[in-house]
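Single-structure report; data block below.
Throughout, read-outs are computed from the coordinates displayed, never taken from laboratory work. This one's a predicted model, so the numbers in the text were calculated from it and none came from an experiment. Every residue, glycine as well, gets a Cβ built from its backbone with ideal geometry; the counts of neighbours run over all protein chains shown.
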Amino acid sequence: KKLSYTGKPQELVTAGAASGGTMLYSLDGETYAAELPTATDPGEYTVYYKVAGDASHADSEVQTVTATIVAKGNSTNSASTASTARAGGSNLAKTGDVAMYAVFATIALVALAAAALAFVARRRRRN
């Protein structure tokens, strides 16, 4: 479920229905309640849910669903989308890609420095 930031608590999932038990929800996978979980701040939330069986039914396995609250003006929030944003026909890198680009830039810089040092060493041997 994708929600827009409002500054107020929002239900992260739509209520499920269960026959033969009660739907339970959790944000930590440990403490379950029948109330729908809510959150206020932008971010990605994992909601755990299960059915607690009645006297005639067994409990279900725990399942998860992800809900995202997107900050205003940030419809391509890198934490909530796996696709690359497109603007003006060019690819814009996701925030998570910046670190990878920094690693590549560092490797290129080290390689360039090593080549420069090798060049200087060869010139000194000639002289």
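Annotation note: Cβ proximity below 8 Å between a residue of the stretch 39-65 that is in contact (Cβ under 8 Å) with a residue 60 or more places away in the chain and a residue that is basic (K, R) and part of a loop (DSSP other than H, G, I, E, B) (sequence gap 6+ or interchain) occurs for V65/K1.
Using the structure shown, decide if V47 is on the phi < 0 side of the Ramachandran plot, in a loop (DSSP other than H, G, I, E, B), touching a Phe, Trp or Tyr at 6+ places or on another chain (Cβ under 8 Å) and among the aliphatic types (A, V, I, L, M). The answer is no for V47.
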